[in-house]
Amino acid sequence: TPELPTPEQALKGRPEPEFTLPSRHTVLGNPLAGPYPEGFGIADFGMGCFWGAERKFWQTPGVWTTLAGYQGGSTVNPAYEEVCSGLTGHTEAVRVVYDPAVVSYEQLLKVFWENHDPTQGFRQGNDVGTQYRSAIYTHTPAQEATAQASREAYQKVLTASGHGTITTELLPAQGRPFYAAEPYHQQYLDRNINGYCGIGGTGVACPIGIAEAPSSDE
């Protein structure tokens, strides 16, 4: 059974990443690591293998750029093989930079909930391990409140459809750095059209309008 390591058990990592990140998104053409336009929001999601998850978000209107990476663990600048060992504590995550005038955080949550099974714990389909756990890391109190409301609303419709309890990790992004993944992971399914995509939803729609939208969700 997969188990998260304690900070003391986790691999130590390295002070700097061992690669140079590509400058621009292969689909959207915008900078991967910034600078990002003023007023745009940042959202971080873990929903299984980040290859398919990233594609779902870059296909969403209003999303300015996406970035595959690792989040929620203890190892500094982890490598993919280390994350897959289960000894870093990270999950595979996607950073989404979005224009709140075009797409709301609530709408991004709908993409998140409907495109994976958030009830599976340390797995997603046939992918088993702590790095495949469902997660939301929030950047503002408004994001946290909206994410909490969406989780409660989606749990109700999941329960009514015979599904189990949501296991999604919902925590502040502060103190949980997002580390970009290696270049070959970025926009993987754009460069590998027939590449593996392990994500799949429950088939249960997430209700939209689940909570009153805050005045600012970036």
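The values are calculated or read from the model by the stated rules, or taken from the named source; none is laboratory data. All values reported here derive from a predicted model rather than from experimental measurement. Cβ placement follows ideal geometry from the backbone for every residue including glycine, while neighbour counts extend to all protein chains displayed. The area values use the complete protein model at the heavy-atom level, side chains included, leaving out ligands, DNA and RNA. Shrake-Rupley method; radii C 1.70, N 1.55, O 1.52, S 1.80 Å.
Of all residues in the range 22-32, those that are touching a strand residue (DSSP E or B) at 6+ places or on another chain (Cβ under 8 Å), surrounded by 16 or more Cβ atoms within 10 Å (Cβ to Cβ) and closer than 17 Å to TYR188 by Cβ total 3. Being open to solvent by less than 10 Å² (accessible area, probe 1.4 Å), of a type in the set (Gly, Ala, Ser) and either modelled with pLDDT of 95 or more or in contact with a strand residue (DSSP E or B) (Cβ under 6 Å, 6 or more places away or on another chain) (or both) is the requirement here; does GLY121 meet it? So GLY121 does not fit the description; no.
Any residue at all in the range 131-148 that's under 18 Å from ALA68 (Cα atoms) and among the charged types (D, E, K, R)? So far as the range 131-148 goes, yes, one or more of its residues are under 18 Å from ALA68 (Cα atoms) and among the charged types (D, E, K, R).
Comparison of GLY73, GLY86, GLY39 shows that the only residue that is touching an Asp or Glu at 6+ places or on another chain (Cβ under 8 Å), within 20 Å of GLN120 (Cα to Cα) and either in contact (Cβ under 8 Å) with a residue 24 or more places away in the chain or of a type in the set (Phe, Trp, Tyr) (or both) is GLY86.
Rundown of residues vs (1) open to solvent by 10 Å² or more (accessible area, probe 1.4 Å); (2) within 25 Å of GLN9 (Cα to Cα); (3) among the β-branched types (Val, Ile, Thr); (4) part of a loop (DSSP other than H, G, I, E, B), yes/no style:
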site: THR60; (1), (2), (3), (4): yes, no, yes, yes
site: THR65; (1), (2), (3), (4): no, no, yes, no
site: GLY73; (1), (2), (3), (4): yes, yes, no, yes
site: GLU81; (1), (2), (3), (4): yes, yes, no, no
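Of all residues in the range 6-21, those being closer than 25 Å to VAL96 by Cα and either aromatic (Phe, Trp, Tyr) or open to solvent by 100 Å² or more (accessible area, probe 1.4 Å) (or both) number 5. For GLU54, state whether it is surrounded by fewer than 17 Cβ atoms within 10 Å (Cβ to Cβ) and of a type outside the set (Phe, Trp, Tyr). It is false that GLU54 is surrounded by fewer than 17 Cβ atoms within 10 Å (Cβ to Cβ) and of a type outside the set (Phe, Trp, Tyr). Step by step: first the residues of the range 157-172, then only those that are surrounded by 15 or more Cβ atoms within 10 Å (Cβ to Cβ) and either touching a helix residue (DSSP H, G or I) at 6+ places or on another chain (Cβ under 6 Å) or without any contact (Cβ under 8 Å) to a residue 12 or more places away in the chain (or both), then the one that is nearest to GLU144 (Cα to Cα). Which residue is that? Selected residue: LEU170.
Taken across the range 153-166, residues that are among the polar types (S, T, N, Q), within 20 Å of SER134 (Cβ to Cβ) and not in a helix (DSSP H, G or I) do occur, with at least one present. Taking the criterion of being part of a strand (DSSP E or B) and of a type outside the set (Lys, Arg), the residues of the range 1-47 that qualify are GLY13, PRO31, GLY41, ILE42, ALA43, ASP44, PHE45, GLY46, MET47. Considering each residue of the range 40-51, count those that are farther than 11 Å from THR65 by Cα and open to solvent by 40 Å² or more (accessible area, probe 1.4 Å), and give that number. Qualifying residue count for the region: 0.
Can you find a residue that is at negative phi, modelled with pLDDT of 95 or more and open to solvent by 20 Å² or more (accessible area, probe 1.4 Å) anywhere in the range 193-208? Scanning the range 193-208, I find no residue that is at negative phi, modelled with pLDDT of 95 or more and open to solvent by 20 Å² or more (accessible area, probe 1.4 Å), so the answer is no.
Within the bounds of the range 96-116, is there any residue that is part of a strand (DSSP E or B) and touching an Asp or Glu at 6+ places or on another chain (Cβ under 9 Å)? Checked the range 96-116: at least one residue is part of a strand (DSSP E or B) and touching an Asp or Glu at 6+ places or on another chain (Cβ under 9 Å).
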